[in-house]
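The values are calculated or read from the model by the stated rules, or taken from the named source; none is laboratory data. Because the structure is a prediction, the values reported are computed rather than measured. For neighbour counting, all protein chains shown are included, and Cβ atoms are generated from backbone atoms with ideal geometry for every residue, glycine included.
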Amino acid sequence: MEEAIVIIGAGQAACQAIMSLRAEGYEGPITLIGEENYAPYQRPPLSKKFLAGEIGYDRVELKAESFYAESGVTAYWGTRATEIDRRAKRVLTNDGRYHPYSKLLLATGAQVREINVPGFELEGIHYLRNIEDVHAIQAGFKPGARMVIVGGGYIGLEVAAVAKKRGIDVTVLETADRVMARVVDPIVSHFYERLHREAGVTLRTGVTVSGFEGEGKVAAVVSGEGERFACDIVLVGIGVIPNTDLAHEAGLEVANGIAVDACARTSDPDICAAGDCTSHPNDIYGHKLRLESVHNAIEQAKTAAASLVGKEKPYNQVPWFWSDQYDVKLQIAGLSTGYTDAVVRGDPESGKSFAVFYLKDGQLLAVDAINRAPEFMMGKILVAQKAALDPARIKDESISVKELVAK
Ligand SMILES: Cc1cc2nc3c(=O)[nH]c(=O)nc-3n(C[C@H](O)[C@H](O)[C@H](O)COP(=O)(O)OP(=O)(O)OC[C@H]3O[C@@H](n4cnc5c(N)ncnc54)[C@H](O)[C@@H]3O)c2cc1C
(Lines give C-alpha, C1' and ligand atoms only; values in the text may rest on other atoms or scores of the structure.)
Protein backbone atom coordinates (compact mmCIF):
# COMPACT_ATOMS: atom_id res chain seq x y z
CA MET A 1 0.00 0.00 0.00
CA GLU A 2 1.09 3.56 -0.62
CA GLU A 3 2.42 5.68 2.20
CA ALA A 4 -0.40 7.55 3.98
CA ILE A 5 -0.52 8.72 7.57
CA VAL A 6 -3.89 9.27 9.20
CA ILE A 7 -4.25 11.12 12.50
CA ILE A 8 -7.42 10.74 14.56
CA GLY A 9 -8.10 13.67 16.90
CA ALA A 10 -7.09 17.25 16.15
CA GLY A 11 -5.69 18.65 19.40
CA GLN A 12 -2.33 19.48 20.93
CA ALA A 13 -0.67 16.12 20.15
CA ALA A 14 -1.97 15.99 16.58
CA CYS A 15 -0.68 19.45 15.73
CA GLN A 16 2.76 18.61 17.13
CA ALA A 17 2.80 15.30 15.27
CA ILE A 18 2.20 17.05 11.94
CA MET A 19 5.09 19.44 12.54
CA SER A 20 7.36 16.62 13.68
CA LEU A 21 6.44 14.33 10.77
CA ARG A 22 7.51 17.01 8.32
CA ALA A 23 10.62 17.80 10.38
CA GLU A 24 11.52 14.10 10.29
CA GLY A 25 11.45 14.29 6.49
CA TYR A 26 8.13 12.56 5.85
CA GLU A 27 6.78 13.90 2.55
CA GLY A 28 3.75 11.67 2.03
CA PRO A 29 0.10 12.53 2.55
CA ILE A 30 -1.32 13.25 6.03
CA THR A 31 -5.03 13.10 6.81
CA LEU A 32 -6.26 14.78 9.98
CA ILE A 33 -9.68 13.85 11.39
CA GLY A 34 -11.03 16.11 14.13
CA GLU A 35 -14.53 16.03 15.59
CA GLU A 36 -14.45 19.65 16.71
CA ASN A 37 -15.28 22.48 14.32
CA TYR A 38 -11.93 24.08 15.02
CA ALA A 39 -8.36 23.49 13.99
CA PRO A 40 -6.14 22.41 16.95
CA TYR A 41 -5.99 24.95 19.76
CA GLN A 42 -4.53 25.26 23.24
CA ARG A 43 -6.84 24.16 26.02
CA PRO A 44 -5.08 25.70 29.07
CA PRO A 45 -6.38 29.24 28.36
CA LEU A 46 -9.95 27.89 28.32
CA SER A 47 -10.02 28.00 32.12
CA LYS A 48 -7.80 31.09 32.32
CA LYS A 49 -7.42 34.10 29.98
CA PHE A 50 -9.76 32.88 27.24
CA LEU A 51 -12.57 32.27 29.73
CA ALA A 52 -11.88 35.69 31.23
CA GLY A 53 -12.28 37.20 27.75
CA GLU A 54 -8.75 38.63 27.93
CA ILE A 55 -7.65 36.82 24.78
CA GLY A 56 -9.55 35.67 21.71
CA TYR A 57 -9.45 32.65 19.44
CA ASP A 58 -6.49 34.01 17.47
CA ARG A 59 -4.36 33.62 20.62
CA VAL A 60 -5.38 30.04 21.36
CA GLU A 61 -5.18 28.41 17.93
CA LEU A 62 -1.95 26.47 17.67
CA LYS A 63 -1.46 27.22 13.97
CA ALA A 64 -3.40 29.36 11.50
CA GLU A 65 -5.87 27.21 9.57
CA SER A 66 -3.84 27.78 6.38
CA PHE A 67 -0.93 25.87 7.95
CA TYR A 68 -2.63 22.52 7.38
CA ALA A 69 -3.11 22.90 3.63
CA GLU A 70 0.37 24.43 3.35
CA SER A 71 1.78 21.39 5.15
CA GLY A 72 0.10 18.97 2.78
CA VAL A 73 -2.50 17.94 5.33
CA THR A 74 -6.03 17.02 4.28
CA ALA A 75 -8.02 18.12 7.30
CA TYR A 76 -11.59 17.13 8.14
CA TRP A 77 -13.07 19.31 10.87
CA GLY A 78 -16.37 18.43 12.52
CA THR A 79 -15.77 14.81 11.55
CA ARG A 80 -15.66 11.87 13.91
CA ALA A 81 -13.72 8.66 13.33
CA THR A 82 -16.10 5.83 14.13
CA GLU A 83 -14.09 2.69 13.35
CA ILE A 84 -10.58 1.49 12.69
CA ASP A 85 -10.48 -1.47 10.32
CA ARG A 86 -7.01 -2.85 11.03
CA ARG A 87 -7.25 -5.64 8.44
CA ALA A 88 -8.11 -3.31 5.59
CA LYS A 89 -5.95 -0.55 7.19
CA ARG A 90 -8.54 2.19 6.92
CA VAL A 91 -10.50 4.51 9.19
CA LEU A 92 -14.23 5.05 8.82
CA THR A 93 -15.67 8.48 9.63
CA ASN A 94 -19.22 9.53 10.45
CA ASP A 95 -19.65 11.10 7.01
CA GLY A 96 -19.37 7.62 5.46
CA ARG A 97 -15.84 8.06 4.11
CA TYR A 98 -12.98 5.60 4.39
CA HIS A 99 -9.44 6.86 4.94
CA PRO A 100 -6.75 4.32 4.05
CA TYR A 101 -3.55 4.40 6.09
CA SER A 102 -0.14 2.84 6.07
CA LYS A 103 0.44 4.25 9.56
CA LEU A 104 -2.10 5.61 12.02
CA LEU A 105 -1.79 7.97 14.99
CA LEU A 106 -4.41 8.08 17.72
CA ALA A 107 -4.45 11.49 19.37
CA THR A 108 -7.98 11.37 20.74
CA GLY A 109 -7.34 13.09 24.09
CA ALA A 110 -9.80 12.77 26.94
CA GLN A 111 -13.41 13.60 27.75
CA VAL A 112 -14.88 15.05 30.90
CA ARG A 113 -16.12 12.74 33.61
CA GLU A 114 -19.84 13.39 33.94
CA ILE A 115 -21.75 13.59 37.17
CA ASN A 116 -24.57 11.10 37.26
CA VAL A 117 -26.93 12.35 39.95
CA PRO A 118 -30.62 13.36 39.76
CA GLY A 119 -31.09 16.63 37.89
CA PHE A 120 -27.85 16.29 35.92
CA GLU A 121 -29.68 17.17 32.67
CA LEU A 122 -30.88 20.61 33.86
CA GLU A 123 -29.92 23.63 31.82
CA GLY A 124 -27.08 25.71 33.28
CA ILE A 125 -24.90 22.75 34.32
CA HIS A 126 -21.62 22.95 32.44
CA TYR A 127 -18.36 21.11 31.88
CA LEU A 128 -15.16 22.54 30.48
CA ARG A 129 -13.13 20.79 27.82
CA ASN A 130 -13.53 22.74 24.60
CA ILE A 131 -14.28 26.14 23.10
CA GLU A 132 -18.01 25.44 22.79
CA ASP A 133 -18.09 24.73 26.53
CA VAL A 134 -16.51 28.13 27.21
CA HIS A 135 -19.07 29.91 25.08
CA ALA A 136 -21.88 28.17 26.98
CA ILE A 137 -20.36 29.11 30.36
CA GLN A 138 -19.74 32.70 29.30
CA ALA A 139 -23.44 33.15 28.51
CA GLY A 140 -24.16 32.88 32.25
CA PHE A 141 -20.98 34.57 33.40
CA LYS A 142 -22.55 37.79 34.64
CA PRO A 143 -21.53 39.93 37.62
CA GLY A 144 -23.78 39.10 40.56
CA ALA A 145 -24.63 35.62 39.24
CA ARG A 146 -24.31 32.75 41.73
CA MET A 147 -22.02 30.00 40.54
CA VAL A 148 -21.45 26.64 42.19
CA ILE A 149 -18.34 24.75 41.13
CA VAL A 150 -18.39 21.02 41.76
CA GLY A 151 -14.82 19.83 42.21
CA GLY A 152 -11.83 21.58 43.77
CA GLY A 153 -9.20 20.44 41.26
CA TYR A 154 -7.20 22.60 38.83
CA ILE A 155 -10.08 23.34 36.47
CA GLY A 156 -12.61 24.14 39.18
CA LEU A 157 -10.21 26.41 41.04
CA GLU A 158 -9.00 28.20 37.92
CA VAL A 159 -12.60 28.89 36.91
CA ALA A 160 -13.35 30.05 40.47
CA ALA A 161 -10.53 32.61 40.21
CA VAL A 162 -11.75 33.92 36.85
CA ALA A 163 -15.39 34.02 37.98
CA LYS A 164 -14.53 35.84 41.20
CA LYS A 165 -12.65 38.51 39.28
CA ARG A 166 -15.76 38.91 37.12
CA GLY A 167 -17.84 39.74 40.21
CA ILE A 168 -19.60 36.41 40.34
CA ASP A 169 -20.59 34.91 43.69
CA VAL A 170 -18.62 31.63 43.76
CA THR A 171 -19.02 28.50 45.90
CA VAL A 172 -16.67 25.56 45.42
CA LEU A 173 -17.79 22.13 46.68
CA GLU A 174 -15.13 19.46 47.09
CA THR A 175 -15.75 15.89 48.25
CA ALA A 176 -12.27 15.33 49.70
CA ASP A 177 -11.22 17.06 52.89
CA ARG A 178 -9.02 19.48 50.94
CA VAL A 179 -8.64 20.92 47.43
CA MET A 180 -6.31 19.39 44.80
CA ALA A 181 -5.95 16.39 47.11
CA ARG A 182 -5.04 14.04 44.24
CA VAL A 183 -1.90 15.94 43.29
CA VAL A 184 -0.44 18.01 46.13
CA ASP A 185 0.49 17.84 49.83
CA PRO A 186 -1.91 19.36 52.40
CA ILE A 187 0.50 22.30 52.77
CA VAL A 188 -0.20 23.32 49.18
CA SER A 189 -3.92 22.55 49.44
CA HIS A 190 -4.25 24.77 52.50
CA PHE A 191 -2.36 27.58 50.81
CA TYR A 192 -4.84 27.49 47.90
CA GLU A 193 -7.81 27.30 50.25
CA ARG A 194 -6.57 30.47 51.96
CA LEU A 195 -5.98 32.18 48.60
CA HIS A 196 -9.53 31.51 47.43
CA ARG A 197 -11.15 32.39 50.75
CA GLU A 198 -9.24 35.67 50.86
CA ALA A 199 -10.58 36.40 47.36
CA GLY A 200 -14.12 35.88 48.67
CA VAL A 201 -14.83 32.38 47.36
CA THR A 202 -16.98 30.17 49.60
CA LEU A 203 -15.04 26.94 49.78
CA ARG A 204 -16.57 23.81 51.27
CA THR A 205 -14.66 20.56 51.58
CA GLY A 206 -16.05 17.17 52.59
CA VAL A 207 -19.23 17.91 50.62
CA THR A 208 -20.58 15.32 48.17
CA VAL A 209 -23.10 16.48 45.59
CA SER A 210 -26.13 14.20 45.45
CA GLY A 211 -28.36 16.11 43.04
CA PHE A 212 -29.45 19.28 41.27
CA GLU A 213 -32.81 21.01 41.57
CA GLY A 214 -34.66 23.45 39.34
CA GLU A 215 -37.53 23.83 36.88
CA GLY A 216 -35.82 23.17 33.56
CA LYS A 217 -32.88 25.29 34.67
CA VAL A 218 -30.61 24.57 37.61
CA ALA A 219 -31.52 26.56 40.74
CA ALA A 220 -29.72 24.63 43.49
CA VAL A 221 -27.07 22.03 44.11
CA VAL A 222 -27.96 19.54 46.84
CA SER A 223 -25.43 17.75 49.02
CA GLY A 224 -25.61 14.24 50.46
CA GLU A 225 -26.28 15.82 53.85
CA GLY A 226 -29.32 17.60 52.38
CA GLU A 227 -27.73 21.04 52.26
CA ARG A 228 -28.90 23.31 49.38
CA PHE A 229 -26.63 25.73 47.53
CA ALA A 230 -28.73 28.17 45.49
CA CYS A 231 -27.21 29.00 42.10
CA ASP A 232 -27.75 30.31 38.59
CA ILE A 233 -24.93 28.39 36.96
CA VAL A 234 -22.93 25.25 37.76
CA LEU A 235 -19.55 24.07 36.57
CA VAL A 236 -18.63 20.44 37.10
CA GLY A 237 -14.89 19.74 37.10
CA ILE A 238 -14.39 16.23 38.41
CA GLY A 239 -11.73 14.88 36.11
CA VAL A 240 -11.42 13.30 32.69
CA ILE A 241 -11.55 9.87 31.10
CA PRO A 242 -9.15 8.98 28.26
CA ASN A 243 -10.80 8.47 24.85
CA THR A 244 -9.98 4.82 24.25
CA ASP A 245 -13.19 3.40 22.71
CA LEU A 246 -11.93 3.36 19.13
CA ALA A 247 -8.72 1.66 20.16
CA HIS A 248 -10.54 -0.84 22.34
CA GLU A 249 -13.05 -1.72 19.62
CA ALA A 250 -10.18 -2.20 17.17
CA GLY A 251 -8.66 -4.76 19.56
CA LEU A 252 -5.71 -2.66 20.69
CA GLU A 253 -4.44 -3.09 24.22
CA VAL A 254 -6.09 -0.59 26.58
CA ALA A 255 -5.30 -0.32 30.29
CA ASN A 256 -6.09 3.05 31.90
CA GLY A 257 -5.41 4.60 28.47
CA ILE A 258 -4.23 3.21 25.16
CA ALA A 259 -1.20 1.11 26.09
CA VAL A 260 1.95 2.27 24.28
CA ASP A 261 5.66 1.59 24.67
CA ALA A 262 8.35 4.23 25.19
CA CYS A 263 8.26 4.88 21.43
CA ALA A 264 4.48 5.57 21.52
CA ARG A 265 3.72 2.35 19.62
CA THR A 266 0.50 0.52 20.45
CA SER A 267 0.09 -3.25 20.35
CA ASP A 268 -0.28 -2.86 16.54
CA PRO A 269 3.11 -1.90 15.00
CA ASP A 270 1.39 0.36 12.43
CA ILE A 271 -0.52 2.36 15.04
CA CYS A 272 0.92 4.88 17.48
CA ALA A 273 -0.85 6.95 20.12
CA ALA A 274 0.09 10.16 21.92
CA GLY A 275 -1.24 12.58 24.52
CA ASP A 276 -3.99 12.35 27.13
CA CYS A 277 -5.34 9.09 25.64
CA THR A 278 -2.23 6.99 26.39
CA SER A 279 -0.77 4.99 29.22
CA HIS A 280 3.01 4.85 28.77
CA PRO A 281 6.09 3.62 30.59
CA ASN A 282 8.34 6.04 32.46
CA ASP A 283 11.79 4.91 33.61
CA ILE A 284 12.24 7.73 36.11
CA TYR A 285 9.32 6.44 38.18
CA GLY A 286 9.54 2.82 37.06
CA HIS A 287 5.85 2.42 36.24
CA LYS A 288 3.22 3.35 33.66
CA LEU A 289 1.77 6.85 33.60
CA ARG A 290 -1.33 8.42 32.13
CA LEU A 291 -0.81 12.16 32.05
CA GLU A 292 -3.05 15.09 31.23
CA SER A 293 -0.66 17.85 30.25
CA VAL A 294 0.50 19.91 27.32
CA HIS A 295 4.12 18.89 27.86
CA ASN A 296 3.19 15.21 27.66
CA ALA A 297 1.10 15.72 24.50
CA ILE A 298 3.91 17.58 22.75
CA GLU A 299 6.80 15.34 23.73
CA GLN A 300 4.98 12.08 23.16
CA ALA A 301 3.76 13.33 19.77
CA LYS A 302 7.39 14.00 18.74
CA THR A 303 8.25 10.43 19.69
CA ALA A 304 5.21 9.06 17.87
CA ALA A 305 6.08 11.00 14.70
CA ALA A 306 9.58 9.50 14.77
CA SER A 307 8.14 5.99 15.19
CA LEU A 308 5.69 6.53 12.34
CA VAL A 309 8.64 7.14 9.99
CA GLY A 310 10.61 4.20 11.34
CA LYS A 311 12.92 5.97 13.81
CA GLU A 312 13.29 5.31 17.54
CA LYS A 313 13.21 8.33 19.85
CA PRO A 314 11.99 6.99 23.19
CA TYR A 315 10.00 9.34 25.38
CA ASN A 316 11.14 9.35 28.98
CA GLN A 317 10.88 12.74 30.63
CA VAL A 318 10.04 14.33 33.95
CA PRO A 319 6.34 15.25 33.71
CA TRP A 320 5.46 18.85 34.43
CA PHE A 321 2.29 20.87 34.85
CA TRP A 322 1.16 24.34 35.72
CA SER A 323 -1.90 26.13 37.02
CA ASP A 324 -2.69 29.86 37.13
CA GLN A 325 -5.04 31.13 39.84
CA TYR A 326 -5.26 34.88 40.53
CA ASP A 327 -1.67 36.17 40.57
CA VAL A 328 -0.23 32.81 41.64
CA LYS A 329 1.53 30.44 39.28
CA LEU A 330 1.86 26.86 40.44
CA GLN A 331 4.44 24.82 38.56
CA ILE A 332 4.85 21.16 39.32
CA ALA A 333 7.94 19.21 38.29
CA GLY A 334 7.55 15.44 38.59
CA LEU A 335 4.98 13.29 40.36
CA SER A 336 4.82 13.16 44.14
CA THR A 337 2.87 9.88 44.44
CA GLY A 338 4.38 7.73 47.20
CA TYR A 339 6.42 10.48 48.89
CA THR A 340 7.57 10.02 52.47
CA ASP A 341 8.57 13.64 53.25
CA ALA A 342 7.28 17.01 52.09
CA VAL A 343 9.99 19.59 52.76
CA VAL A 344 9.02 23.24 52.55
CA ARG A 345 11.27 26.02 51.30
CA GLY A 346 9.81 29.44 52.09
CA ASP A 347 6.73 30.36 54.08
CA PRO A 348 3.33 29.04 52.93
CA GLU A 349 1.49 30.74 55.82
CA SER A 350 2.07 34.30 54.67
CA GLY A 351 2.85 35.67 51.23
CA LYS A 352 2.52 33.81 47.96
CA SER A 353 5.92 32.29 47.26
CA PHE A 354 7.28 28.95 48.45
CA ALA A 355 8.15 25.48 47.19
CA VAL A 356 7.51 21.96 48.45
CA PHE A 357 10.11 19.27 47.73
CA TYR A 358 8.72 15.73 47.83
CA LEU A 359 11.22 13.08 48.87
CA LYS A 360 10.94 9.33 49.04
CA ASP A 361 13.58 7.99 51.41
CA GLY A 362 15.77 10.97 50.59
CA GLN A 363 15.33 10.85 46.80
CA LEU A 364 13.58 13.76 45.10
CA LEU A 365 10.30 12.76 43.40
CA ALA A 366 8.70 16.12 42.65
CA VAL A 367 8.66 19.85 43.39
CA ASP A 368 5.60 22.10 43.69
CA ALA A 369 6.76 25.65 43.05
CA ILE A 370 4.41 28.48 43.96
CA ASN A 371 5.61 31.65 42.24
CA ARG A 372 9.09 30.09 42.37
CA ALA A 373 10.44 29.58 38.85
CA PRO A 374 14.03 28.72 39.95
CA GLU A 375 12.86 25.89 42.22
CA PHE A 376 10.70 24.57 39.39
CA MET A 377 13.49 24.69 36.80
CA MET A 378 16.01 23.09 39.12
CA GLY A 379 13.39 20.62 40.32
CA LYS A 380 12.98 19.23 36.79
CA ILE A 381 16.73 18.63 36.55
CA LEU A 382 17.08 17.11 40.00
CA VAL A 383 14.09 14.78 39.59
CA ALA A 384 15.56 13.50 36.30
CA GLN A 385 18.84 12.86 38.13
CA LYS A 386 16.97 11.06 40.91
CA ALA A 387 18.94 13.33 43.23
CA ALA A 388 19.22 12.59 46.94
CA LEU A 389 18.64 15.81 48.88
CA ASP A 390 19.23 16.86 52.45
CA PRO A 391 15.99 18.33 53.92
CA ALA A 392 17.97 20.79 56.05
CA ARG A 393 19.61 22.25 52.94
CA ILE A 394 16.29 22.49 51.11
CA LYS A 395 14.82 24.55 53.95
CA ASP A 396 17.86 26.82 54.18
CA GLU A 397 17.17 29.69 51.79
CA SER A 398 20.70 31.03 52.18
CA ILE A 399 21.68 28.07 49.96
CA SER A 400 20.70 28.73 46.35
CA VAL A 401 18.59 26.12 44.55
CA LYS A 402 21.51 25.42 42.23
CA GLU A 403 23.60 24.33 45.19
CA LEU A 404 21.02 22.06 46.78
CA VAL A 405 22.80 18.88 45.75
CA ALA A 406 26.24 20.07 46.84
CA LYS A 407 27.40 18.30 49.99
C1 LIG B 1 -9.75 23.78 30.64
C2 LIG B 1 -8.44 23.06 30.55
C3 LIG B 1 -7.31 23.61 31.14
C4 LIG B 1 -6.09 22.96 31.07
N5 LIG B 1 -4.99 23.54 31.64
C6 LIG B 1 -3.80 22.94 31.52
C7 LIG B 1 -2.63 23.56 32.04
O8 LIG B 1 -2.69 24.62 32.66
N9 LIG B 1 -1.44 22.93 31.85
C10 LIG B 1 -1.34 21.74 31.19
O11 LIG B 1 -0.23 21.21 31.03
N12 LIG B 1 -2.43 21.13 30.69
C13 LIG B 1 -3.65 21.70 30.84
N14 LIG B 1 -4.76 21.10 30.32
C15 LIG B 1 -4.62 19.77 29.70
C16 LIG B 1 -4.15 19.85 28.26
O17 LIG B 1 -4.91 20.79 27.55
C18 LIG B 1 -4.26 18.47 27.63
O19 LIG B 1 -3.40 17.62 28.34
C20 LIG B 1 -3.90 18.48 26.15
O21 LIG B 1 -4.81 19.25 25.42
C22 LIG B 1 -3.87 17.06 25.62
O23 LIG B 1 -3.67 17.07 24.25
P24 LIG B 1 -4.21 15.87 23.34
O25 LIG B 1 -3.84 16.20 21.94
O26 LIG B 1 -3.81 14.59 23.92
O27 LIG B 1 -5.79 15.93 23.50
P28 LIG B 1 -6.81 17.07 23.12
O29 LIG B 1 -6.15 18.40 23.07
O30 LIG B 1 -7.98 16.89 24.02
O31 LIG B 1 -7.25 16.73 21.64
C32 LIG B 1 -7.96 15.56 21.30
C33 LIG B 1 -8.92 15.88 20.18
O34 LIG B 1 -9.39 14.66 19.61
C35 LIG B 1 -10.76 14.78 19.32
N36 LIG B 1 -11.34 13.43 19.16
C37 LIG B 1 -11.52 12.49 20.11
N38 LIG B 1 -12.05 11.38 19.59
C39 LIG B 1 -12.19 11.61 18.25
C40 LIG B 1 -12.70 10.83 17.17
N41 LIG B 1 -13.15 9.60 17.34
N42 LIG B 1 -12.73 11.38 15.93
C43 LIG B 1 -12.26 12.65 15.75
N44 LIG B 1 -11.78 13.44 16.74
C45 LIG B 1 -11.74 12.91 17.98
C46 LIG B 1 -11.27 15.57 20.51
O47 LIG B 1 -12.51 16.16 20.26
C48 LIG B 1 -10.17 16.62 20.65
O49 LIG B 1 -10.41 17.72 19.83
C50 LIG B 1 -6.00 21.72 30.38
C51 LIG B 1 -7.14 21.15 29.81
C52 LIG B 1 -8.35 21.81 29.90
C53 LIG B 1 -9.58 21.18 29.27
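Quick look at the numbers
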item	result
Hey, LYS142 surrounded by fewer than 19 Cβ atoms within 10 Å (Cβ to Cβ) and not in a loop (DSSP other than H, G, I, E, B) or not	no
Verdict on TYR285 being in a loop (DSSP other than H, G, I, E, B), more than 16 Å from the ligand (Cβ to nearest atom), within 22 Å of the chain's Cα centre (by Cα) and crowded, with 18+ Cβ neighbours inside 10 Å	yes
Residue match in the stretch 292-299 (condition: more than 24 Å from ARG129 (Cβ to Cβ) and at pLDDT 95 or above)	no
Residue within the stretch 381-401 that is buried (at least 18 other Cβ atoms within 10 Å of the Cβ), modelled with pLDDT under 95 and in contact with an Asp or Glu (Cβ under 7 Å, 6 or more places away or on another chain) present	yes
Flag for ALA342 being in contact with a strand residue (DSSP E or B) (Cβ under 9 Å, 6 or more places away or on another chain), of a type in the set (Gly, Ala, Ser) and more than 10 Å from the ligand (Cβ to nearest atom)	yes
Residue within the stretch 12-32 that is over 15 Å from the mean Cα position of the chain (by Cα), over 19 Å from HIS135 (Cβ atoms), assigned to a strand (DSSP E or B) and within 8 Å of the ligand (Cβ to nearest atom) present	no
Test: ALA273 is more than 30 Å from ALA220 (Cβ to Cβ), within 16 Å of the ligand (Cβ to nearest atom), touching a residue at least 12 places away in the same chain (Cβ under 8 Å) and assigned by TED's automatic domain parsing to the domain that holds GLU83	yes
Selection from the stretch 348-369 of residues that are surrounded by fewer than 24 Cβ atoms within 10 Å (Cβ to Cβ), within 25 Å of HIS196 (Cα to Cα) and either at pLDDT below 95 or among the hydrophobic types (A, V, I, L, M, F, W, C) (or both)	GLU349, SER350, GLY351, PHE354
Filter result (within 14 Å of the ligand (Cβ to nearest atom) and in contact with a Leu (Cβ under 6 Å, 6 or more places away or on another chain)) within the stretch 99-127	HIS126
Residues satisfying the stated conditions in the stretch 288-299, i.e. within 20 Å of ASP270 (Cα to Cα) and within 8 Å of the ligand (Cβ to nearest atom)	ALA297
Test: residue in the stretch 68-76 that is surrounded by 15 or more Cβ atoms within 10 Å (Cβ to Cβ) and of a type in the set (Val, Ile, Thr)	yes
Residue in the stretch 319-330 that is at pLDDT 95 or above, closer than 24 Å to PRO40 by Cβ, in contact with a Ser or Thr (Cβ under 7 Å, 6 or more places away or on another chain) and among the aliphatic types (A, V, I, L, M) present	no
So LYS288, is it in contact with a strand residue (DSSP E or B) (Cβ under 7 Å, 6 or more places away or on another chain) and either of a type in the set (Phe, Trp, Tyr) or within 25 Å of LEU106 (Cβ to Cβ) (or both)	yes
Yes/no for TYR57 being at negative phi, more than 10 Å from the ligand (Cβ to nearest atom) and touching a residue at least 12 places away in the same chain (Cβ under 8 Å)	yes
Looking only at the stretch 184-243, and only at residues there that are in a loop (DSSP other than H, G, I, E, B) and within 16 Å of the ligand (Cβ to nearest atom), the one that is nearest to VAL343 (Cα to Cα)	VAL184
Every residue from the stretch 137-156 that is more than 11 Å from the ligand (Cβ to nearest atom) and in contact with a Phe, Trp or Tyr (Cβ under 9 Å, 6 or more places away or on another chain)	ARG146, MET147, VAL148, GLY152
Among the residues listed as ARG86, ARG43, the single one being of a type outside the set (A, V, I, L, M, F, W, C) and more than 10 Å from the ligand (Cβ to nearest atom)	ARG86
